[in-house]
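The structure appears right after this line, and notes come after that.
The values are calculated or read from the model by the stated rules, or taken from the named source; none is laboratory data. These figures come from a predicted structure and were not determined experimentally. When we count neighbours, we look across all protein chains shown, and the Cβ atoms used for this are built from the backbone with ideal geometry, even at glycine. Side chains are part of the model used for accessible areas, which takes the heavy atoms of the whole protein and leaves out ligands, DNA and RNA. Shrake-Rupley method; radii C 1.70, N 1.55, O 1.52, S 1.80 Å.
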Amino acid sequence: MNRYGRGLALLLLFIVCGLLIKTAFYEGWLRLNYPSRTQWPVQGIDISHHQKIINWALVDPKAVRFVFIKATQGSTFRDPAFQQNWQNARARGLVTGAYHFFSLCKSGKEQAQNFIATVPVAANALPPTIDLEYGANCAPQSREQVIAALREMTTMLEQVYQQKVILYATRDFYDDYLQQDFLTHPLWIRDIWRQPSLPYHRQWTFWQYANRGHIPGIDTAVDLNVFQGNSSQFDALLHP
């Protein structure tokens, strides 16, 4: 094989390898984060109707300690799979928590009312969680309006559920709205690239480290998460 032929073969090899790596990342078989269970023994997932029908009998409660389940979005949307997922996950022995996708265009009161009408107050449940991100959201209002609506919603939820609301945030949303506010709330940070490191030494409570994981019993890709702490610290978060 002449020099041109060897060069072409090498180029094709690089292209094929690149496509294989890209496919492996897209399908979730290869990722950047592999948090150990020695360091983070409490691990779990978050789901919505996008995971379709889940075979909960195949979900191992030892591997999946907790599951955050989408309940509501904005002022009117209720996830059609929430009630079934909530009941079946608890029957399987998983610790459940419900989350709300926060709309930047609706009042905090309306959104809180939607969540409260959907999610029961349940023993041994994780605190209510608010999902804060720009993706699939409306054009943001002023920072002051967003902060006021979020504060109104967290206050209403804490009155009903008697737990400190968890705030889930992408890193860009955290930087824009949460970095120096809502300082007493547990944080759930999304970062599929690396372990989160927040300014001013602020600590996170949950870390969503992958968005295309694979779990027995779930046919689609699923988000993977860890809790920062041990089992006793995790249990302290739960509703009495």
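Over region 43-104, what per residue volume does the convex hull of the Cα atoms give, in whole Å³? Please list the in-between numbers first.
Working: hull volume 4.6 nm³, N = 62.
Value for region 43-104: 75 Å³ per residue.
Per residue, the solvent-accessible area of the chain (1.4 Å probe, heavy atoms of protein chains only, all protein chains present) comes to 52 Å².
Averaging the sequence gap over all C-alpha pairs within less than 8 Å and six or more residues apart, then dividing by the number of residues, gives the chain a relative contact order of 23 percent. Solvent-accessible area assigned to carbon and sulfur over the chain amounts to 56 percent, based on a 1.4 Å probe. Ordering L104, N85, Q73 by Cα displacement along the dipole of region 71-151 toward the positive end leaves N85 in first place; charges were set at the Cβ atoms of Lys, Arg (+1) and Asp, Glu (-1). Ranking W207, P196, A221 by how far each Cα lies toward the positive end of the dipole of the chain (charges on Cβ) leaves A221 at the top.
3J(HN,Hα) along region 208-224: 8, 9, 8, 10, 9, x, 10, 10, x, x, 10, 7, 9, 5, 9, 6, 10 Hz, from the Karplus curve 6.51 cos²θ - 1.76 cosθ + 1.60 with θ = phi - 60°, whole Hz, x for Gly and Pro. Restricting attention to the chain, the count of lysine pairs at 8 or more positions apart or across chains with alpha carbons under 25 Å apart stands at 8. If I take R0 = 25 Å and measure r between the Cβ atoms of S231 and H201 in this structure, what FRET efficiency does the formula 1/(1 + (r/R0)^6) give, to the nearest 0.05? About 0.50, to the nearest 0.05. Against the main long axis of the alpha-carbon atoms of the chain, helix 143-161 sits at an angle near 70°. For the chain, the mean residue ellipticity at 222 nm estimated from helices alone is -9000 deg cm²/dmol, where every DSSP H run of n ≥ 4 contributes -39500 (n - 2.57) and the total is divided by all residues, rounded to the nearest 500. When the inverse distances between all different Cα atoms of region 110-234 are averaged and flipped, the Kirkwood radius reads 15.9 angstrom. Extension gain, D181 to V121: 0.36 nm times the residue separation minus the Cα-Cα distance gives 18.9 nm.
What length, rounded to one decimal in nm, is gained on full extension from Y134 through to A57, with 0.36 nm per residue of separation minus their alpha-carbon distance?
24.3 nm is the gain from fully extending Y134 to A57.
The shape of the chain can be summarised by an equivalent ellipsoid whose semi-axes, obtained from the alpha carbon gyration tensor, come to 35, 22, 18 Å from longest to shortest.
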